[in-house]
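The values are calculated or read from the model by the stated rules, or taken from the named source; none is laboratory data. Quantities reported herein were computed from a predicted structural model and do not represent experimental measurements. Cβ atoms come from the backbone with ideal geometry, glycine included; neighbour counts cover every protein chain shown. Heads up: the accessible areas ignore ligands, DNA and RNA and are worked out on the full protein's heavy atoms, side chains in. Shrake-Rupley method; radii C 1.70, N 1.55, O 1.52, S 1.80 Å.
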Amino acid sequence: MTVPAPEKQTQVVVVGGGPVGMGLAIELGQRGVATVIVERYPEPQPIPKGQNLTQRTVEHFHFWQAEAPLRAARTIPRDYGIGGMVSYGTLLGDYHHDWLQRELVREFYYTDNERLPQYATEAVLRRRAGEIEAIAPRYGWTAETIAQDGGGVTVAIAERNGPGRERLRADYVVGCDGSHSRVREEAGITQTRSDHDRQMVLIVFRSESLHRLLQRYPGKSFYNVLHPDLKGYWQFLGRVDLGSRWFFHAPVAPGTTRETFDSARYLTAAVGAPFELDVEYLGFWDLRFAVADTYRAGRIFIAGDAAHSHPPYGGYGINSGLEDAVNLGWKLAATLQDWGGSRLLASYSEERQPVFASTARDFIERSIHGDRDFLAAFSPERDRAAFERAWQDRQHGARTEVGAFEPHYEGSSIVWGPPGSRCAATGTHRFAARAGHHLAPVLLSSGRNVYEHLGPGFTLLALGVEPDDVAPFAASAARLRVPLTIVRDDDTASRDQYEARWVLVRPDQFVAWSSSAVPDDPLEILARAVGYPQPPAS
Ligand SMILES: Cc1cc2nc3c(=O)[nH]c(=O)nc-3n(C[C@H](O)[C@H](O)[C@H](O)COP(=O)(O)OP(=O)(O)OC[C@H]3O[C@@H](n4cnc5c(N)ncnc54)[C@H](O)[C@@H]3O)c2cc1C
């Protein structure tokens, strides 16, 4: 007779403890949601993938109380710089320009960006998760089956290197289990794929002589080489630390294997000069674009690479995934803690899916196509003057791209955005507090940044308004049981920057509503922002 696996009850099971799963667990755990995180590896895997953390991502680490350890874990000294560049033909070729200069949008975010190997980021997140009582980590366990019914979801888990078997019963399950997501498959969530499939090589290697060769480009940590033969797909080199370790990925011929691939030869050709190297890791991965058609099936959600996979061009992978985690985290907590309306959970897919589809289409694919067209049209061998003019235009384009990436939820049903607008990744960075957009940080008359005043729930910024006008908002929040922090400031500077006297900020630092006029019906405003189709009857 087989003994049934013991069953444990929790509120949320997160499958996959990569960066996105760990971030989500922290977001939930800090909000008091009982969360089990199931991750098949006992330790983070030592592959230096997603390194490039945007200013927005580091804001998450700030709220997760993990910003200082994240910065301490960086492997490249701060004064060296973490910029990127593009070169033509070979890395040491005649033409290069700066790329992905995130400092251009620095003032619109509360924190600086950061760069460190993904395993180091994951270690920081694991340590932080370990401090939160509501999180029960199951490292070294694999989720085998996921089944939902009207009352909850059951996840069968198995010890990876042992005989342990258990069943976890939860209100909700989130698959943060990467691009081959089992959770996505078991939930029957379909994906739309586009036809970029390519085999890519990933080489992690040591080389001090490459560091010496690249001293001609001070302050740069990642390098993208455009080669006419590769039709817009990149040869991408990144520092893992300063001076000795590197990673490199690039397209290879289909069917290439470890046995047939010559790392030193490929790398020498990409760099454009011979150098000594020791290969530490050689592997292959599939470059593809796949976006899940929905991020939710009933009580099952997906986030991160489980929901969207694409080439790591522009550093959108880990950063998009962590934004998924933050978007979903407060909505699950609000629903479980009984202050979320009936359409709050649906708004996760409604907001995040089109933002990613737009990221893939308007930034990643567009850059591949743009590079492909550029390489086909211009060549210094054919017409040097025309090439150099076009190269200068590219340099300018690289600057505008950073500013144009501004994911927003203007079209969301829980935001008071302009009628007819849509959620997308394209936008403009501004200080004005616009419904559906990220809140820019400004200094208040207290001398402190508004980000230091934001509460864990919703925050109402009341800038130069009458005290009596604030009271109905507080009463509406109490009636809906919505945690609301009210921040008042009578100085004019912040209201001028925000172009509004009233700003309702969500727990993920996006603006739900803003206005300069005294609101007629605060209950209606708040009710929509927490997902009620209409304000509840009294
Ligand atoms: C070579 C390379 C370079 C990259 N560079 C960048 C970059 O510079 N910037 C950037 O933003 N992104 C980059 N990316 C992409 C980035 O690494 C991913 O977007 C990121 O890892 C996504 O995180 P995730 O947590 O969603 O998924 P993953 O990191 O894939 O984590 C999924 C986790 O789930 C676990 N898991 C899977 N199935 C199960 C199961 N059944 N049970 C339990 N656990 C399970 C896995 O062990 C894993 O830990 C790069 C990717 C590659 C391949």
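Using only helices, what value at 222 nm comes out for the chain when you add -39,500 (n - 2.57) per DSSP H run of length 4 or more and divide by the total residues, to the nearest 500 deg cm²/dmol?
Numbers: 14 runs with 156 residues, N = 538.
Taken over the chain, the calculation gives -9000 deg cm²/dmol.
Taking each full run of DSSP H in the chain as one helix, which ones are at least 15 Å long along their axis (Cα atoms) and have mean Kyte-Doolittle hydropathy of at least 0.0?
On the way: long enough: 19-30 (16 Å, 0.85); 118-130 (18 Å, -0.73); 317-336 (28 Å, 0.39); 346-359 (20 Å, -0.74); 366-377 (16 Å, -0.48); 384-404 (30 Å, -1.20); 467-480 (21 Å, 0.31).
Span-like helices, by this rule, are 19-30, 317-336, 467-480.
Under a Cβ-Cβ cut-off of 9 Å, what is the net charge of the residues other than Thr57 that fall near it, where Lys and Arg count +1 and Asp and Glu count -1?
Values: positive: Arg56; negative: Glu59, Glu114, Glu323.
Summing Lys and Arg as +1 and Asp and Glu as -1 gives -2.
Roughly how many debye, to the nearest 20, is the charge dipole of the chain about its Cα centre, given +1 on each Lys and Arg Cβ, -1 on each Asp and Glu Cβ, and no other charges?
On the way: 57 positive and 66 negative charges, 135 e Å.
So the dipole magnitude of the chain works out to roughly 640 debye.
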Cα gyration tensor shape of the chain, rounded if a/c is under 1.5, else prolate or oblate by comparing a/b with b/c:
oblate
How many angstrom separate the Cα center of region 225-293 from the Cα center of region 35-92?
20 Å
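Counting only protein heavy atoms, what percent of the accessible surface of region 174-231 is carbon or sulfur at a 1.4 Å probe?
Working: 1170 of 2700 Å².
Carbon and sulfur atoms account for 43 percent of the accessible area of region 174-231.
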Taking 0.36 nm per residue of sequence separation and subtracting the Cα-Cα distance, how much length would be gained by fully extending the chain between Ser379 and Arg361, in nm to one decimal?
3.8 nm
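Would you mind working out the accessible area per residue for the chain, using a 1.4 Å probe, and quoting it in Å²?
On the way: 21610 Å² over 538 residues.
On a per-residue basis, 40 Å².
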If the label point is 7 Å along Cα→Cβ of Gln65, which residues in region 453-496 have backbone nitrogen under 16 Å from it?
455-457
How large is ³J(HN,Hα), in whole Hz, for each residue of region 513-518 in order, when computed from phi with the Karplus curve 6.51 cos²θ - 1.76 cosθ + 1.60 and θ = phi - 60°, using x for Gly and Pro?
7, 8, 6, 9, 9, 4
Just the number, please: percent antiparallel of the DSSP beta bridges in the chain, rounded to the nearest 5.
65 percent
For Gly340, net neighbour charge (Lys/Arg +1, Asp/Glu -1) across residues whose Cβ lies under 13 Å away:
+4
Counting pairs on different chains as well as pairs 8 or more places apart, how many Lys pairs in the chain have Cα atoms under 25 Å apart?
4
At 0.36 nm per residue, minus the direct Cα-Cα distance, what do Phe431 and Thr492 gain on full extension? Give it in nm, one decimal, please.
20.5 nm
For region 27-147, the charge dipole (Cβ of Lys, Arg +1; Cβ of Asp, Glu -1; about the Cα centre) points to a positive end, and the Cα of Gly93, Val58, Gly81 closest to that extreme belongs to Val58
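Charges at C-beta only: +1 for Lys and Arg, -1 for Asp and Glu. How large is the resulting dipole of region 215-370 about its Cα centre, in Debye rounded to 20?
260 debye
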Mind running the shape call on region 296-388? Use the C-alpha gyration tensor, a ≥ b ≥ c as the square roots of the eigenvalues: rounded below 1.5 for a/c, prolate if a/b tops b/c, oblate otherwise.
prolate
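Let me know the shape class of region 446-493, please: from the alpha-carbon gyration tensor, a ≥ b ≥ c as square roots of the eigenvalues, rounded when a/c is under 1.5, otherwise prolate if a/b is greater than b/c, or oblate. It would help to have the intermediate numbers written out before the result.
Details: a/c = 4.01, a/b = 1.34, b/c = 2.99.
Taking the square roots of the gyration eigenvalues as a ≥ b ≥ c, region 446-493 is oblate.
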